[in-house]
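The block underneath contains the structure these notes are about, expressed in structure tokens.
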Amino acid sequence: MAKTSGLGDALYISGNDLSGDFTAIGNVGGGPATLDVTGLGKSAFERLGGRRDGRLEATSWWNPTGSHPVLSALPTTDVHEMYCRGTALGSPAACIVAKQVNYDGTRGNDGSFSFAVSSQANAFGLEWGYLLTAGQRTDTAATNGTGVDFGVGSFPLFNGQALFGAQAYLQVFAFTGTDITVKIQDSADNVTFADVTGLAFTAVTSGPGVQRIATASNQTVRRYLRAVTTTSGGFTSATFAVAVARNDVSTVF
């Protein structure tokens, strides 16, 4: 595929919006490794899917008060990254729990100073899903988000239900208050919603922060999904982004 413009896209890393400091996305990839299991009696290759993996590579500009403090830390713990291909409700989003493996600077003769940043998946591979927030969403009270249509999936006879669970990612950029819980609800008709078992994030009491959660691998998830916020102690403001990957085929991590 030819290169395309990334204007209007966003990149969130560990609860930080670094979209303005990144100039290019070089590689967003993943999936299972292929295992060659061709038998002696076969006349063509046979392959099985192996371990899931993923990577996200990008180029940033030097910004001593923006991306540099975040990226230069090169943490040994996992980082969470969310690349949003557009920031409208329902836009595709690539999410990864990864190790940031480099922060290599290049000084150009024209005075430019850019950095190559590569993140390699840890445990889950790279997952493509859809935004349940229009980029960043700010709630000042408990709110029911707008439903996003995930389609009929691989089994249209099941009325838009996927039978293989889902994973959800949360990036919290700022929070003021006592607590907020972000959870995912589903619906068959985009009217009547119910909580999805396993897709309620741990209550947030500060920001920035990140979480990844998942349902059981054989759980039914219906066609329409939305992000809902609730609170027990109250909050003044919460700015966050949510993406969900619904599995339309059997998925193992």
Given the Cα-Cα distance of Ser187 and Thr236 and 0.36 nm per residue of separation, how much length would full extension add, in nm? 14.8 nm
Kindly state, as a whole number, the per residue volume in cubic angstrom of the convex hull around the alpha carbon atoms of segment 33-90. 188
Residue separation between Ser112 and Trp62 times 0.36 nm, minus their alpha-carbon distance, gives in nm 17.2 nm
Compute the semi-axes of the equivalent ellipsoid of segment 1-104, taking the square root of 5 times each eigenvalue of the Cα gyration tensor, and list them largest first in whole Å. 33, 17, 12
Taking 0.36 nm per residue of separation between Leu7 and Asp36 and subtracting their Cα-Cα distance, the length gained on full extension comes to 6.5 nm
FRET efficiency for Ala142 and Asp104, Cβ-Cβ distance as r, R0 = 45 Å, nearest 0.05? 0.55
Compute, for the chain, the length of the dipole vector about the Cα centre, with Cβ point charges of +1 (Lys, Arg) and -1 (Asp, Glu) only. Units Debye, rounded to 20. 340
Computed log₁₀ I(q)/I(0) - Debye formula, equal Cα scatterers, no solvent, the chain, q 0.08, 0.13, 0.15, 0.17 Å⁻¹: -0.35, -0.86, -1.09, -1.31
How many Å² of accessible area per residue for segment 85-211, probe 1.4 Å? 44
Build a GNM of the chain with springs between Cα atoms under 10 Å: which of Leu18, Leu132, Leu170 gets the top mean-square fluctuation? Leu18
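The values are calculated or read from the model by the stated rules, or taken from the named source; none is laboratory data. Just so you know, these numbers come straight off a predicted model, no measurement behind them. Reconstructed Cβ throughout: ideal geometry from the backbone, glycine too, with neighbour counts over all protein chains shown. For accessibility, only protein heavy atoms count, side chains too; no ligands or nucleic acids. Shrake-Rupley method; radii C 1.70, N 1.55, O 1.52, S 1.80 Å.
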